[in-house]
Amino acid sequence: MGDTFQTIVDLDATAAEAPRLAGRVLDLLVAEGIVLAERADRSFGHHLPGPRWDRAVDPGDARWKPTDGLTVITGRTVFHGGQGEADWARCPRCTATIRLYTEEYDRIDAAWEPYGRAMDRWDETGEADVDCPACATAVPLPEWTWAWDYFAFGHLGFEFWNWPEFTEEFGTLIADALDGHRTVRVWGKF
Ligand SMILES: [Zn+2]
């Protein structure tokens, strides 16, 4: 089985504004009854589901209340999908798809290497570009898109453990509270 998570990542929040936005979204989720305000000391989500947690999911998925909750993450973070891999990256300038794994899921080391290096650099400094192999543009790492939305690079994320899949409306509710920032849902399993 394993544990699953869905993390709604704000792609635009700066390190400086992340704590304020985190507080605003948490207040909203508590007001809506989706999570509890109390912060429990546990591994799988600090804020447990509230009385109206089902507002975040489709009615058909709302039969069993999740036993795990929400962890709010602030600070520079490489969000990723846990088990599995992103088998391609897409350049936002020329839309070329760069394959990082073969169809047999063997890593293509030469293709992967510049991304791996950029991830280390971004993690350390918050800045890194990858030169697109197709159009030769230096593209900031956070602007690439990934198979399965596997990676996201940001300063603010809402990580829910072992909840049914969120509706689009729930994603919109959070994005609106983030001043319309771009968000992406990174999901996966550990
Ligand atoms: Zn390109």
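When the range 52-84 is filtered for residues that are farther than 25 Å from Pro19 by Cα and of a type outside the set (Asp, Glu), the ones remaining, listed by number, are Val57, Pro59, Gly60, Ala62, Arg63, Trp64, Lys65, Pro66, Thr67, Gln83, Gly84. Residue count for the range 25-42 satisfying the condition of being over 18 Å from the mean Cα position of the chain (by Cα) and either within 16 Å of Gly75 (Cβ to Cβ) or surrounded by fewer than 17 Cβ atoms within 10 Å (Cβ to Cβ) (or both): 12.
Inspect all residues belonging to the range 162-174 and state whether any of them is of a type in the set (Ser, Thr, Tyr), outside any loop (DSSP other than H, G, I, E, B) and not assigned by TED's automatic domain parsing to the domain that holds Ala18. The answer is no; no qualifying residue exists. Looking across the range 136-160, the residues that are away from the ligand (no atom under 16 Å from the Cβ) and closer than 24 Å to Glu17 by Cβ come down to Asp149, Phe151, Ala152, Phe153, Gly154, His155, Leu156, Gly157, Phe158, Glu159, Phe160.
When we screen Val186, Val130 for residues that are out of contact with any Cys (no Cβ under 6 Å at 6 or more places or on another chain), away from the ligand (no atom under 16 Å from the Cβ) and not in a loop (DSSP other than H, G, I, E, B), the only hit is Val186.
In a residue-by-residue description of the range 104-121, the property of being modelled with pLDDT of 95 or more, assigned to a loop (DSSP other than H, G, I, E, B), open to solvent by 20 Å² or more (accessible area, probe 1.4 Å) and away from the ligand (no atom under 12 Å from the Cβ) applies to at least one position. Cβ contacts < 8 Å: first residue more than 15 Å from Asp12 (Cα to Cα), restricted to the range 165-176; second residue assigned to a helix (DSSP H, G or I), any location; separation 6+ or different chain. Result? Close Cβ pairs satisfying both conditions: Glu165/Asp61; Phe166/Ala56; Thr167/Ala56; Phe170/Arg55; Phe170/Ala56; Leu173/Leu28. When the residues of the range 52-64 are narrowed to those that are in contact with a Pro (Cβ under 8 Å, 6 or more places away or on another chain) and over 17 Å from Phe5 (Cβ atoms), which ends up most open to solvent (accessible area, probe 1.4 Å)? Ranking the qualifying residues of the range 52-64, first place goes to Asp58. Would the range 124-136 turn up any residue that is surrounded by 14 or more Cβ atoms within 10 Å (Cβ to Cβ), within 12 Å of the chain's Cα centre (by Cα), more than 30 Å from Gly60 (Cα to Cα) and of a type outside the set (A, V, I, L, M, F, W, C)? No; the residues of the range 124-136 include none that is surrounded by 14 or more Cβ atoms within 10 Å (Cβ to Cβ), within 12 Å of the chain's Cα centre (by Cα), more than 30 Å from Gly60 (Cα to Cα) and of a type outside the set (A, V, I, L, M, F, W, C).
The values are calculated or read from the model by the stated rules, or taken from the named source; none is laboratory data. It should be emphasised that the depicted structure is a prediction, and the values quoted were computed from it without experimental measurement. With ideal geometry, Cβ positions are generated from the backbone for all residues, glycine too; neighbour counts draw on all protein chains shown. Ligands, DNA and RNA are excluded from the accessible area calculation, which covers all protein heavy atoms including side chains. Shrake-Rupley method; radii C 1.70, N 1.55, O 1.52, S 1.80 Å.
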